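Coordinate-derived values only; no laboratory data. Quantities reported herein were computed from a predicted structural model and do not represent experimental measurements. Note: ideal-geometry Cβ built from the backbone for every residue, glycine included; neighbour counts use all protein chains shown.
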Amino acid sequence: MHSPDIDRASSLCLSPPPGKMAGIFGDGATGLVLRTLAGPLLRGENVVAVDGGNRFDPYEIGKAAKALGGDGKEALSRIRVSRAFTCHQVEALLSRRLPEALSRFDARLALIIGLPETFSDADVSYAEACRVFRNCLSALRRVALSGTRVILVGRGEPPAKNHYSVGPVPGNRSGFFRYLVRTAEPVLLLRRSEEGWTWELRRAEVQLAQGAS
């Protein structure tokens, strides 16, 4: 899934409009955004990441940094990662620890991996999941309004015809993912088919570009 066009589309998602949250969603989204981050990290930008899907792979950043002629260890030294495994843990990180970490590490970019997937736990009631989801979004909006660029990353592969799911989750939970797709600006959607990879970049319901790789 490497092409100059999709790399440019991913780079655009690292700079959402002020107060907005960008999104990169689909199979391969995490690897793509980690490779895209190598450039900003090598240029001295600090990043705080919250990983709700246990998908952060330092090798992707290190490999991309070396391909750019930089030092992988130097790039990785500028990113701080906190992991969470339940929606309640994600809520605690976003509400209480993320703002503090951004301030402590002088970071202006927050990477949020696997947010919708953490709401697939059937042991958490739908009403409770909705409450926690609203709290997570409220916390992220506050962070975005403070001047931090917030990038949401989800794995689920969007099917055709503007209906998006996030893998094998209960039907009433897929709305969390669809909501993020609708509200992210810009949003990069990745889809894998028998013919290969296709992608689509949107901003505020307007399609900016699409392509295949």
Checklist outcome for this item: From DSSP H assignment alone, runs of 4+ in the chain each adding -39500 (n - 2.57), the sum over residues rounded to the nearest 500 puts [θ] at 222 nm at -11000 deg cm²/dmol
Item to check | For region 1-105, the Rg and Dmax computed from alpha carbons only, in angstrom | outcome: 13.9, 40
Checklist entry - What residue among PRO16, PRO40, PRO116 shows peak mean-square fluctuation when the chain is described by a Gaussian network model with Cα springs under 10 Å? => result PRO40
Item to check | Convex hull volume of region 92-148 per residue (C-alpha atoms, cubic angstrom) | outcome: 71 Å³
Checklist outcome for this item: The Cα extents of region 55-144 along the principal axes, largest first and rounded to whole Å, are 49, 27, 15
Checklist entry - Among all the aspartates and glutamates, which ones have a C-alpha under 17 Å from LYS20's C-alpha, if same-chain residues fewer than 8 places away are not counted? => result GLU185, GLU205
Item to check | Unit charges on C-beta of K, R, D, E only; dipole of the chain, Debye | outcome: 560 debye
Item to check | Per residue, the convex hull volume that the Cα atoms of region 3-48 enclose (Å³) | outcome: 90 Å³
Item to check | Ranked ILE79, ILE24, ILE61, criterion: other C-beta atoms within 10 Å, fewest first | outcome: ILE79, ILE61, ILE24
Next on the checklist: Connecting C-alpha atoms closer than 10 Å in a GNM of the chain, tell me which of ARG97, ARG131, ARG182 has the biggest fluctuation.
Outcome noted: ARG131
Checklist entry - Near the amide H of ARG83, under 5 Å away, which other amide H atoms are found, from residues 5 or more places off or on another chain, if H is placed in the peptide plane? => result ASP51
Item to check | With 10 Å bins from 0: P(r) over the chain, alpha-carbon pairs, percent | outcome: 9, 36, 38, 15, 1
